[in-house]
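Please read the structure below before turning to the comments.
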Amino acid sequence: MPLPELTLYTRPGCHLCVQAEEHLRGLEFRYRAVNVDGDPALRERFGDDVPVLAHGERVLAKGVLGRGRLSGLKLLLLREQPAS
């Protein structure tokens with residue numbers, strides 16, 4: 001059962017964002033990274049609160065996105081998937 005594609009809101013030079021991406025790749029999440037500084041509306045919405053992991057408008061997690069935290073989130077997302 002595949003995970004939904006998530007959005008990781010980031011900004012250049014953010015070491016927590018780099019760590020989050022490493023963990024997301026290691027745990028085989030499907031995601032796209034979006035630079036909040038490239039869009040004034042996103043910059044306004046998130047300010048300095050990056051990284052932020054979201055599914056659509058739903059913010060799943062922000063701040064330190066360590067491997068343990070993301071593993072728990074992955075289980076939650078898998079449980080939420082409709083049965084096929």
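For residue 34, nonlocal amide neighbours, meaning residues 5 or more places apart or on other chains whose placed amide H falls under 5 Å from its own, are 8, 9, 10.
Placing unit charges on the Cβ atoms of the charged side chains and taking the dipole of the chain about its Cα centre, the candidate lying farthest along the positive direction among 75, 35, 8 is 75. A simple count of charges around residue 30, restricted to other residues whose Cβ falls under 14 Å of its Cβ and scoring Lys, Arg +1 and Asp, Glu -1, yields 0. The modelled label-to-label distance between residue 76 and residue 19, using points 7 Å beyond Cα along the C-beta direction, is 1.9 nm.
Working note: Karplus 6.51/-1.76/1.60 with θ = phi - 60° gives region 4-10 the couplings x, 6, 10, 10, 10, 7, 9 Hz, where Gly and Pro are set to x.
About its Cα centre, how strong a charge dipole does the chain have in debye, to the nearest 20, once Lys and Arg get +1 and Asp and Glu get -1 at the Cβ? Walk me through the numbers before you get to the answer.
Details: 12 positive and 11 negative charges, 56 e Å.
Approximately 260 debye in magnitude.
Applied to region 14-26, the Karplus parametrisation 6.51 cos²θ - 1.76 cosθ + 1.60 on θ = phi - 60° returns per-residue 3J(HN,Hα) values of 8, 5, 5, 5, 4, 4, 4, 4, 4, 5, 4, 5, x Hz, with x for Gly and Pro.
For the chain, the list of GluC sites (Glu not before Pro) that fall in a loop by DSSP and count at most 13 other C-beta atoms within 10 angstrom reads 5, 28, 57.
Working note: Karplus 6.51/-1.76/1.60 with θ = phi - 60° gives region 64-70 the couplings 6, 10, x, 4, x, 4, 5 Hz, where Gly and Pro are set to x.
Can you compute the helix-only [θ] at 222 nm over the chain? Use -39500 (n - 2.57) per DSSP H run of at least 4 residues, normalise by all residues, nearest 500 deg cm²/dmol. Please report the intermediate quantities before stating the final value.
Numbers: 3 runs with 33 residues, N = 84.
It lands at -12000 deg cm²/dmol.
Quick check: from the Cα gyration tensor, does region 1-51 come out rounded (a/c under 1.5), prolate or oblate? Oblate, because a/c is 1.5 or more while a/b does not exceed b/c.
The numbers here are math on the coordinates, done by the rules we state, and not lab data. Not measured: the values here are computed from a predicted model. As a convention, Cβ positions derive from the backbone with ideal geometry for all residues, glycine included, and neighbour counts pool all protein chains shown.
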